[in-house]
Every structure is written in C-alpha cells, then in structure tokens.
C-alpha cells in the first residue's frame with residue numbers, strides 16, 4: 001500500500017480538529033441518480049447574506065471522472081476532471097475556475113503511486129506559471145516527505161524564485177499516528193498526534209512553533225455516544241473552546257450544531273454559533 005500524499009500526512013489529526021465545525025447556517029442536499037450522477041446543493045447563510053453552489057459528480061467514460069463540476073451563486077464556474085487509467089499507478093487531474101468578475105484559475109496535476117512511494121507534480125497555468133512537486137516515501141511504519149514550489153515568472157509579474165519548501169516525518173500504527181511537518185519555507189514546525197483510544201473515542205492535538213517564537217496548541221476529540229449521536233470538541237491555547245453536537249435524525253439526515261466561546265473574554269461578542277443540516 002502506498003504512503004499518503006504529502007498534503008495528507010497530518011490528515012487524521014487535521015480532520016478531527018477541523019471537520020464539521022460550522023459557525024454559519026448551512027444546508028446541504030446530496031442525491032444520486034440511477035445512472036450514477038451525484039448532485040450536491042449547498043447553501044450558507046452568513047453575515048453577508050446567502051451563498052450557495054450546485055455541484056455534479058459522475059464518470060461519463062471508462063477511466064474519466066468528473067470529480068466536481070458546478071456553479072456558485074455569484075456566477076463562478078468550476079470543475080475538476082481526472083483521467084485514471086492512462087498509465088498504471090498514475091492519475092492526471094485538471095482543475096479550472098472562471099467567472100464572477102474574478103481572475104481565472106487553472107491547474108494541471110499528476111499523482112503517481114507505487115508500493116512505497118507517492119509523488120505529486122502540478123502546474124498552475126495561470127499564475128506564474130508556478131510549478132510544485134511533492135513526494136512521500138514509506139519504510140516500515142515511517143513516512144518521509146518533502147515539497148517544493150517554484151514560480152517561473154514567465155508572465156513577467158515578479159521574479160523567478162522558489163516560493164516555498166517544506167518537509168515532513170511521520171510515524172503510524174493501527175491506532176496511533178504522529179507527524180512533524182513544516183510550513184512557510186520551513187519557518188513553522190507543526191507536530192500532529194492522533195489516537196484512536198477505542199471504538200467510540202478519538203483524540204488529537206496540533207502544536208505549532210514558529211521561528212519567531214510564536215506558539216499555538218490545539219487539543220480536541222470526538223466521542224461516539226451511540227450509532228446516531230456524536231460529541232466533538234476542541235480547545236486552543238488562545239482560550240477558544242469549540243463544540244459540535246452531531247445527530248443523525250434518520251437515515252441520510254444529519255444535523256450538526258456548533259458553538260464557539262472565547263473563554264478569555266466571556267463578556268465580548270466574539271462567540272459564535274452555527275447549524276448545518278445535511279440530507280443525503
């Protein structure tokens with residue numbers, strides 16, 4: 001089995017500490033047609049009004065996947081398309097966005113996997129163009145990885161240079177994973193830990209240390225009360241406490257209630273509340 005992609009080295013901890021928290025009012029509807037087309041409608045009511053998007057996912061031909069193709073309420077069009085059987089072990093991806101009076105975006109990427117190696121390369125065809133490469137190598141329970149990003153400046157808007165470079169080292173077992181990963185030209189070091197305590201409980205922590213001396217710590221967990229109910233929470237070193245109540249109301253109907261409180265400023269107005277209703 002190939003190691004995780006470089007971007008996914010800290011996925012277990014990151015997902016537990018970030019996924020499902022929503023401090024707006026969100027509605028999501030997912031449905032699938034008889035011929036395999038998946039359609040998702042999302043609407044979010046925030047402080048600036050309602051924003052939404054319509055997304056479709058399908059496999060129109062053998063080896064060709066439309067991961068997402070859709071439109072947002074501001075008129076922005078987006079799409080992600082994959083070719084999965086052109087070369088053994090390789091997946092080619094094309095992403096594009098345009099509209100809504102914003103600059104277009106486009107990226108071509110390839111991922112290649114073998115038993116112990118996972119490699120990514122991509123080109124931002126709009127900005128720069130910029131090129132990036134990343135790879136992870138697995139040995140026993142360890143994963144070693146790195147990434148580099150380079151702006152060619154063919155568009156003449158700056159100077160050709162390496163814009164980012166980072167590395168990662170991870171260790172994982174069946175119930176535990178730990179990873180040390182850098183960011184921002186290796187100026188920030190992040191330690192992520194995830195542990196499946198038992199069938200009903202997972203915990204995770206993320207500690208970030210910057211060369212300037214800035215530090216941050218987040219600790220969180222999720223507890224499965226029963227087959228329909230989960231409780232999720234986290235606390236960071238800034239004194240912000242966040243909590244989720246995830247309730248399956250019936251098959252394919254899920255309600256998530258989120259709350260966030262600044263424990264260092266109870267009398268302030270920085271507290272947040274939100275709710276998500278997911279159908280499908």
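The values are calculated or read from the model by the stated rules, or taken from the named source; none is laboratory data. Since the model is a prediction, treat every value here as computed from it, not as a measurement. All Cβ positions, glycine included, derive from the backbone under ideal geometry; neighbour counts span all protein chains shown.
What are the residues in the range 94-111 that are in contact (Cβ under 8 Å) with a residue 24 or more places away in the chain and closer than 25 Å to residue 131 by Cβ, if any?
Listed by number, the residues that qualify are 102, 111.
Quick check: anything in the range 146-155 in a loop (DSSP other than H, G, I, E, B), out of contact with any helix residue (DSSP H, G or I) (no Cβ under 6 Å at 6 or more places or on another chain) and touching a residue at least 60 places away in the same chain (Cβ under 8 Å)? Don't jump to the end; show me each part of the working.
Our first condition is that a residue be in a loop (DSSP other than H, G, I, E, B); within the range 146-155, this holds for 152-155.
Now drop any that are not out of contact with any helix residue (DSSP H, G or I) (no Cβ under 6 Å at 6 or more places or on another chain), which leaves 152-155.
Next, from what is left, pick out any that are touching a residue at least 60 places away in the same chain (Cβ under 8 Å): none.
No - not one qualifying residue is present in the range 146-155.
Suppose we filter 179, 134 for residues that are touching a helix residue (DSSP H, G or I) at 6+ places or on another chain (Cβ under 6 Å), surrounded by 16 or more Cβ atoms within 10 Å (Cβ to Cβ) and in a strand (DSSP E or B); which single one remains?
On the way: 179 fails: touching a helix residue (DSSP H, G or I) at 6+ places or on another chain (Cβ under 6 Å).
Residue meeting the stated conditions: 134.
Okay, residues lined up against (1) at pLDDT 95 or above; (2) part of a strand (DSSP E or B); (3) in contact with a helix residue (DSSP H, G or I) (Cβ under 9 Å, 6 or more places away or on another chain); (4) over 18 Å from residue 12 (Cα atoms):
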{"residue": "190", "(1), (2), (3), (4)": "yes, yes, no, no"}
{"residue": "193", "(1), (2), (3), (4)": "yes, yes, yes, no"}
{"residue": "213", "(1), (2), (3), (4)": "no, no, no, yes"}
{"residue": "219", "(1), (2), (3), (4)": "yes, yes, yes, no"}
{"residue": "230", "(1), (2), (3), (4)": "yes, yes, no, no"}
{"residue": "257", "(1), (2), (3), (4)": "yes, yes, no, yes"}
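Any idea which residue in the range 1-18 is surrounded by the most Cβ atoms within 10 Å (Cβ to Cβ), counting only those that are in a helix (DSSP H, G or I) and in contact (Cβ under 8 Å) with a residue 60 or more places away in the chain?
Of the range 1-18, the ones in a helix (DSSP H, G or I) are 6-8, 11-18.
Filter once more, keeping what is in contact (Cβ under 8 Å) with a residue 60 or more places away in the chain: 6-7, 12-14, 16-17.
On the way: 6: 23, 7: 15, 12: 23, 13: 25, 14: 18, 16: 22, 17: 23.
Only one residue tops the list, namely 13.
Could you count how many residues in the range 232-244 are under 19 Å from the mean Cα position of the chain (by Cα) and not in a strand (DSSP E or B)?
0
Return a yes/no flag: does the range 49-68 have any residue that is assigned to a loop (DSSP other than H, G, I, E, B) and farther than 30 Å from residue 207 by Cβ.
yes
Give the residues of the range 249-270 that are surrounded by fewer than 16 Cβ atoms within 10 Å (Cβ to Cβ) and within 24 Å of residue 28 (Cα to Cα), sorted by residue number.
Initially, the range 249-270 is screened for residues surrounded by fewer than 16 Cβ atoms within 10 Å (Cβ to Cβ), giving 249-253, 255, 257, 263-270.
Correct list: 249, 250, 251, 252, 253, 255, 257.
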